[in-house]
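Student: I am attaching a structure below and will ask some questions about it afterwards.
The values are calculated or read from the model by the stated rules, or taken from the named source; none is laboratory data. Note that this is a predicted model, so its numbers are computed, not measured. Reconstructed Cβ throughout: ideal geometry from the backbone, glycine too, with neighbour counts over all protein chains shown. For the accessible areas, the whole protein counts, side chains as well, though only heavy atoms, and no ligand, DNA or RNA atoms are used. Shrake-Rupley method; radii C 1.70, N 1.55, O 1.52, S 1.80 Å.
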Amino acid sequence: RDTADDALHFNGDISISGGTYTIATDDNGIHAGNAVTITDCDLTIADSYEGIEGLSIDISGGTISVKASDDGLNAAGGADSSGFGGRGGDAFAVTEGACITISLTVDADGDGLDSNGDLRITGGVTYVAGPTSGADSALDCNGEAEITGGTFAATGTVGMAQTFGDSSTQASMLIALSPDS
């Protein structure tokens, strides 16, 4: 364990460009009150409660791997109080300005990608392994989920399965199998 609290925590914006980083923490790997921007770096969050959290998350280039016991990525800016303090407020309300734009691999026991606003995938390759509980989903988005480029593949429970919306310019498919399949 590198830290017991957030490994990187800023009340404003966090921008990481280039370099190689490995993080293990009991809370959030990266937490910003506003925007998290990660470009062209090798980032491994080997263990965390929530991997990357900010009001908006924009990830492009490099190699990123996230292991989280709850949400892999959470676009809420900390407004959902899901760290050590537990959930607070309306967990299903849309948060103005919340958005995830990504290209990465996520391994999460909770929601793979959780945006209290919109979720956009515009390119790259994104793999989500998880969730493992029926109260979570690979995509958890209170706003619009949109895919306009790249490759997205996810596996996990389908209790709260969501898929991409009508504004997507790329075809998508959701397949749900029953345990007896």
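Student: Which residue, Ser167, Ser115, Ser48, has the most motion in a Gaussian network model of the chain that connects Cα atoms within less than 10 Å?
Tutor: Result for the chain, Cα springs under 10 Å: Ser167 fluctuates most.
Student: Further, regarding this structure: Taking all protein chains together and a probe of 1.4 Å, list Tyr49, Tyr21, Tyr127 from the most accessible to the least accessible.
Tutor: Tyr127, Tyr21, Tyr49
Student: What nm distance separates the two modelled labels at Ser60 and Phe10, each placed 7 Å from Cα along Cα→Cβ?
Tutor: 1.8
Student: Another one. Give the separation of the Cα centroids, segment 127-181 to segment 1-80, in Å.
Tutor: Cα centroid to Cα centroid, the span is 22 Å.
Student: Probe 1.4 Å, all protein chains in place: accessible area of Met160 in Å², nearest 10?
Tutor: Estimated to the nearest 10 Å², Met160 gives 70 Å².
Student: Report the residues of segment 11-52 in range of a label on Tyr127: point 7 Å along Cα→C-beta, backbone N strictly under 20 Å from it.
Tutor: 21-23, 40-48, 51-52
Student: Can you tell me which of Ile100, Ile38, Ile57 moves the most in a GNM of the chain? Springs connect C-alpha atoms under 10 Å apart.
Tutor: Maximum fluctuation in the GNM of the chain, among the listed residues, is at Ile38.
Student: Quick one: which residues, 5+ away or cross-chain, put their amide H under 5 Å from the amide H of Thr126? H built at 1.01 Å from N.
Tutor: Leu104, Thr151, Phe152, Ala153
Student: Apply the Karplus curve 6.51 cos²θ - 1.76 cosθ + 1.60, θ = phi - 60°, to the phi angles in segment 34-51 and return the couplings in whole Hz, x for Gly and Pro.
Tutor: Whole-Hz 3J(HN,Hα) from phi for segment 34-51: 10, 8, 10, 10, 10, 9, 6, 9, 9, 10, 10, 9, 6, 6, 6, 7, 10, x.
Student: Take the alpha carbon gyration tensor of segment 97-163, find the square roots of its eigenvalues, order them as a ≥ b ≥ c, and report rounded if a/c is under 1.5; if not, report prolate when a/b exceeds b/c, else oblate.
Tutor: oblate
Student: Still on this structure, please answer the following. Just by accessible area at a 1.4 angstrom probe, what is the order of Ser137, Ser17 from largest to smallest?
Tutor: Most to least solvent-accessible, the answer reads Ser17, Ser137.
Student: Can you list residues from other chains, or at least 5 along the same chain, whose modelled amide H is less than 5 Å from the amide H of Glu146?
Tutor: Under 5 Å from the amide H of Glu146 lie the amide H atoms of Leu119, Arg120, Ile121, Gly165, each far enough along the sequence or on another chain.
Student: What list of ³J(HN,Hα) couplings, whole Hz, do you get for segment 134-146 from phi and the Karplus terms 6.51, -1.76, 1.60, once you set θ to phi - 60° and write x for glycine and proline?
Tutor: x, 8, 10, 8, 5, 10, 10, 9, 8, x, 9, 9, 9
Student: On to the next question. Amide H of His9: which non-local residues (sequence gap of 5 or more, or other chain) have their own amide H closer than 5 Å, using H built in the peptide plane?
Tutor: Those lying under 5 Å, H to H, from His9 are His31.
Student: In addition: Short version: ³J(HN,Hα) in whole Hz for each residue of segment 9-15, in order, from phi by Karplus 6.51 cos²θ - 1.76 cosθ + 1.60 (θ = phi - 60°), x for Gly and Pro, what are they?
Tutor: So the Karplus estimates, Gly and Pro as x, are 9, 9, 6, x, 9, 10, 10 Hz.
Student: Which shape class, rounded, prolate or oblate, goes with the chain when its Cα gyration tensor gives a ≥ b ≥ c as root eigenvalues, a/c under 1.5 marks rounded, and past that a/b bigger than b/c marks prolate?
Tutor: rounded
Student: Further, regarding this structure: Which sequence of Phe10, Phe152 reflects their accessible areas, 1.4 Å probe, from the largest down?
Tutor: Phe10, Phe152
Student: Which one, Ala35, Ala46, Ala145, has the greatest fluctuation when you compute a Gaussian network model over the chain with C-alpha springs under 10 angstrom?
Tutor: Maximum fluctuation in the GNM of the chain, among the listed residues, is at Ala46.
Student: Accessible area of Thr63, 1.4 Å probe, to the nearest 10 Å²?
Tutor: Number for this one is 90 Å².
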